[in-house]
Amino acid sequence: MRISRGVAAGVAVAVSASLTLAGCSKKNNGSEGSGGGGGPKVAFVPKVQGIPYFEAMNKGGKKAARDLGAQWIYKGPTTADPGAQTDIVKSLLQQRVDVLAVAPNDPDSMPPILRDAKDQGVHPMTSDTDAPNSPREVFVNQATPEGISKALTDTLMKKTDGKGDYAIVSCGQTAENLNSWIKEQKKYTAQKYPKAKIVDVVYAGEDEAKAVSMAKDLMNAHPDLKGLVGECTTSAPGVAKAVREAGKTGEVATTGVGTPKSMKPYLKDGSSAGAVLWNVEALGYLTVWAGKQVSEGKQFKKTNRVSDELPAVKYFPDRKELLLGDPLRITKDNVDDYDY
């Protein structure tokens, strides 16, 4: 992966990781594994398999498995369906994995099965998004809700002069991480930008085409709309595409949580004011490292040296959370520095 030539001050070291991705993978009942055949089996179940975001996590997970001596299994549903995700989790338990990490589509559906996993001697974890009421041993978090919400809101408000109505196109209606970001956006907008207002929140699942359609509907329903936020990596390019297709570039500002490649055309033509993300491959790497730690009964330190690229990952014992770092702001000027 090509890394930024100059990441702005304040961006955490975690998002400046340079992960060289090479080597092979093998198929295992529809899941992918890597890591030399030894060490603990660390399985990760994304919200949905096949989208660029989680495929980037998969690349980072493969590299970590090779570096650290673990077996990486990656398998997820083809749609953001909590039931399908639960079925995959059950199938992985039958494969006798050592660690089971999940990015839950529905945090309320996951606790019973993670409890079953723990009863069977499997170490349950969450990564990317949490199931806080589950018996998970650690949550591998990409960034704080406060950090993400501020970055999104400030990026949009810079384009709208800190005022006007805006709407949010989110993905899964029950996704814990997305809902926590939206909650913080509402609070932060009211506090810092009293002349701005969130007028609607809609949910497109992990479906970019649906996000485009919903964004157009929002612009029609709110003729004075000044901005749109895509809350996930499929709706961020979706809202920008909707503005472009509606001929409202420069009139309706957009931002969102988007991967560099998916956002590049919209950043370049101005239909997106900027994207917010983090080093997704590093998040996959950290997930494997955390899984190996818990499988070996090791305690997390307040500050953890994971690798040369992740030398200071913080751990918060009160909420059993490893934090990758601060969010990264992607603009038309640095988008070419990333290849996912």
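The values are calculated or read from the model by the stated rules, or taken from the named source; none is laboratory data. What you see is a predicted model; the values in this text were computed from it and never measured. So basically every Cβ, Gly included, is an ideal-geometry build from the backbone, and we count neighbours across all protein chains shown. Heads up: the accessible areas ignore ligands, DNA and RNA and are worked out on the full protein's heavy atoms, side chains in. Shrake-Rupley method; radii C 1.70, N 1.55, O 1.52, S 1.80 Å.
Figures for the structure shown
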quantity: Using θ = phi - 60° and Karplus 6.51 cos²θ - 1.76 cosθ + 1.60, couplings along region 254-269 (whole Hz; Gly, Pro as x); calculated: 9, 8, x, 8, x, 6, x, 4, 5, 8, 3, x, 7, 5, 5, 9
quantity: Nearest-ten-degree value, helix 52-68 long axis tilted from longest Cα axis of the chain; calculated: 30
quantity: Distance histogram in 10 Å bins (all Cα pairs of region 266-340, percent per bin); calculated: 16, 41, 23, 16, 4, 0
quantity: Sparse-neighbourhood loop sites, trypsin sites (Lys or Arg not before Pro) in region 62-130 - DSSP loop, at most 16 other Cβ within 10 angstrom; calculated: 96
quantity: Tail fraction, Cα-Cα pairs, the chain, threshold 32 Å, whole percent; calculated: 27
quantity: Cα centroid separation - region 215-278 against region 35-98, whole Å; calculated: 30
quantity: Fully extended contour minus Cα-Cα distance, from residue 173 to residue 318, at 0.36 nm per residue; calculated: 49.5 nm
quantity: CD proxy at 222 nm, helix term only [per DSSP H run n ≥ 4: -39500 (n - 2.57); per residue of the chain; nearest 500]; calculated: -11500 deg cm²/dmol
quantity: Loop sites in region 193-268: trypsin sites (Lys or Arg not before Pro), DSSP, at most 11 other Cβ within 10 Å; calculated: 195
quantity: Nearest-ten-degree value, helix 208-221 long axis tilted from longest Cα axis of the chain; calculated: 30
quantity: The chain, accessible area per residue, ligands and nucleic acids excluded (1.4 Å, Å²); calculated: 41
quantity: Cα-projected label distance for residue 337 with residue 163, points at 7 Å along beta-carbon direction, nm; calculated: 3.5
quantity: Rough spin-label spacing in nm, given labels placed 7 Å along Cα→Cβ, for residue 261 and residue 298; calculated: 3.2
quantity: P(r), alpha carbons of region 207-306 - 10 Å bins starting at zero, rounded %; calculated: 16, 38, 17, 15, 12, 2
quantity: The chain: angle of helix 82-94 to the longest principal axis, Cα-based, in degrees nearest 10; calculated: 20
quantity: Other-chain or far-sequence residues with amide H under 5 Å of residue 200's (modelled H); calculated: 168
quantity: Region 151-277 shape via C-alpha gyration tensor axes, a/c threshold 1.5; calculated: rounded
quantity: Under-5 Å amide H pairs with residue 102, H placed in peptide plane, nonlocal only; calculated: 45, 125, 126, 127
quantity: Too-long pairs where the Cα-Cα distance tops 18 Å, listed order kept, from 63/298; 226/248; 163/226; 41/63; 59/332; calculated: 63/298; 59/332
quantity: Cut-off under 5 Å, modelled amide H: who pairs with residue 165 long-range; calculated: 197, 226
quantity: Residue-span extension gain [residue 186 to residue 115] - 0.36 nm each, minus C-alpha spacing; calculated: 22.2 nm
quantity: Computed E for residue 133/residue 213 - FRET, C-beta separation, R0 30 angstrom, nearest 0.05; calculated: 0.35
quantity: Region 80-224 shape via C-alpha gyration tensor axes, a/c threshold 1.5; calculated: prolate
quantity: Residue with peak Gaussian network fluctuation, the chain [Cα springs, cutoff 10 Å], from 48, 199, 294; calculated: 199
quantity: Karplus (6.51, -1.76, 1.60) ³J(HN,Hα), θ = phi - 60°, over region 317-331, in Hz, Gly and Pro reported as x; calculated: x, 5, 10, 6, 10, 9, 10, 4, x, 7, x, 9, 9, 9, 10
quantity: Calculated from backbone phi, Karplus (6.51, -1.76, 1.60) coupling profile of region 178-193 in Hz, x at Gly/Pro; calculated: 4, 5, 5, 5, 4, 4, 5, 4, 4, 5, 5, 4, 5, 6, 9, 10
quantity: Accessible-area composition of the chain, carbon plus sulfur, in percent [1.4 Å probe]; calculated: 46
quantity: Which listed pairs, of 150/301; 75/159; 62/186, have C-alpha distances above 30 Å, in listed order; calculated: 75/159; 62/186
